[in-house]
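All remarks here apply to the structure that follows.
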Ligand code: DX5
Ligand code: ZN
């Protein structure tokens, strides 16, 4: 199967929140294909970040798609606000709502791409019936809530299974991605790499993104 191109989605969680617009510009200049926005409510995950008003401000300073990852309970109450704030992709956690099928349909009706996310403990079978409704599946490779955690190696098998399940749709991975784990997840079938601490703690965002993309190129030349 020809896989979709590799894209890099830097997670703002590890950037300097006092300089969000500048950090976005620097990441885009360094080669980011989209910007990953981690929304946390202090309930679904034990951390709090930002909501629709901040996203709406960021939208004005960002030329690439905003990849919004909602780690919030009752996402149905907020997706319209995130769509109006300028989200391009809205990822909901399958564990966070009673009605993921209805919600994914609604996200598309609002004009956004729809993504479904699974925590490490959630089996891939739980999203099988949703695959026709999604543009992206996001596999959490750490327990969500914080940047800088270690990649959970057991997620590689899940990535492989989901790649078979979703054909050429986007398969995003999030948590503990660096140049070593990037090559493992790409081999397993991931094509959108979220990276927070690896990029924003690197002395050169350009080098960090180039390193991740080189892993992808190596995989592509191996498979040709
Ligand atoms: C974790 C967030 C991630 C996080 C990844 O809850 O969803 O997007 O920022 O951070 P790193 O790349 O540092 O593991
Ligand atoms: Zn995330």
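Throughout, read-outs are computed from the coordinates displayed, never taken from laboratory work. The structure presented is a predicted model; accordingly, all values stated were derived computationally and were not measured. Every residue, glycine among them, receives a Cβ derived from its backbone with ideal geometry; neighbour counts consider all protein chains shown.
For residue 131, indicate whether it is within 16 Å of ligand 2 (Cβ to nearest atom) and either surrounded by fewer than 22 Cβ atoms within 10 Å (Cβ to Cβ) or in a strand (DSSP E or B) (or both).
Working: within 16 Å of ligand 2 (Cβ to nearest atom): no; either surrounded by fewer than 22 Cβ atoms within 10 Å (Cβ to Cβ) or in a strand (DSSP E or B) (or both): yes.
The answer is no for residue 131.
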*Within the range 1-30, how many residues turn out to be over 18 Å from the mean Cα position of the chain (by Cα), surrounded by 12 or more Cβ atoms within 10 Å (Cβ to Cβ) and more than 25 Å from residue 149 (Cβ to Cβ)?*
3
*Does at least one position in the range 136-155 carry a residue that is touching a residue at least 12 places away in the same chain (Cβ under 8 Å), away from ligand 2 (no atom under 16 Å from the Cβ) and surrounded by 15 or more Cβ atoms within 10 Å (Cβ to Cβ)?*
no
*Consider residue 48 against the criteria (1) loosely packed, with under 15 Cβ neighbours inside 10 Å; (2) more than 15 Å from ligand 1 (Cβ to nearest atom); (3) over 15 Å from residue 192 (Cα atoms): it satisfies all of them except one. Which criterion is unmet?*
(2)
*Scan of the range 144-194 for residues that are in a helix (DSSP H, G or I), within 13 Å of ligand 1 (Cβ to nearest atom) and either farther than 25 Å from residue 31 by Cβ or touching a strand residue (DSSP E or B) at 6+ places or on another chain (Cβ under 9 Å) (or both), ordered by number*: 155, 181, 182, 185
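Can you find, within the range 109-126, the residue that is farthest from residue 85 (Cα to Cα) among those that are outside any loop (DSSP other than H, G, I, E, B) and under 16 Å from the mean Cα position of the chain (by Cα)? Walk me through how you get there before you give the answer.
The initial filter retains those residues of the range 109-126 that are outside any loop (DSSP other than H, G, I, E, B), namely 109, 113-118, 124-126.
After this cut, where a residue has to be under 16 Å from the mean Cα position of the chain (by Cα) as well, the list is 113-118.
Values: 113: 14, 114: 15, 115: 17, 116: 20, 117: 21, 118: 24 Å.
So the residue we want is 118.
Restricting attention to the range 56-77, report how many residues are under 20 Å from residue 116 (Cα atoms) and in contact (Cβ under 8 Å) with a residue 24 or more places away in the chain. Before the answer, list the steps.
Start the filter on the range 56-77 by keeping residues that are under 20 Å from residue 116 (Cα atoms), which leaves 65-77.
If we keep only those that are in contact (Cβ under 8 Å) with a residue 24 or more places away in the chain too, we end up with 65-73, 75-76.
Result for the range 56-77: 11.
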